[in-house]
Every structure is written in structure tokens, then in C-alpha cells.
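Take a look at the structure set out below.
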Amino acid sequence: MSTYVYKRAFEWNTFDLGYPSAIAVLWFIIILLFVAIMSRLLRQREQARVSDHAHAVVDTIGDGAGASRAACPCSSRSTQW
């Protein structure tokens, strides 16, 4: 896509910068929306994981049986990157 915009603007001797500029702006908006959606999804995923970890630690500490602190349940999980 970027090579098409470059060629359209500079190499095809048209010197018509309006169309390539419009393509660049639309491409920027599409990428910006994608990044915003992915950031929101990953933030929600991280908050859910932190919340699960907090509940697990509270459950193991608050059992009243003198149990020692359990290991972090997320330490045994492999990240799914």
C-alpha cells in the first residue's frame, strides 16, 4: 500500500498529491482504529488476569488454617503471545 501511494505521488509524473494523501489518511485511520481496539482488548485481558490473581491470593491467605501463602497462580501459566 505504501509503495502504491509513493509511486502515485512521485514516480508516475502526475504530481497529483490529493489522491495519495487521501489514501494515506484513510490507512492511518484504519491502523489507529486497529491499535485502539487491540489496546482495549489486551487491557481487559490483563485486568481479568490481575483480578483472578488477587482472588487466588486472598483465598489462600484467608482460609484460617495457617496455610502459607500459595505461589502466584499466574507464575505457572505460560503466556500466550
Looking at the calculated P(r) for the stretch 2-50, what percent of the C-alpha pair distances fall above 17 Å?
52 percent
Footprinting proxy, T3, T14: sorted fewest to most Cβ within 10 Å, the residues are T3, T14
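Each reported figure results from applying straightforward, stated rules to the coordinates on display, with no laboratory input. Model, not experiment: these values are computed from the prediction. Glycine also receives a Cβ, built like all others from the backbone with ideal geometry; neighbour counts cover every protein chain displayed.
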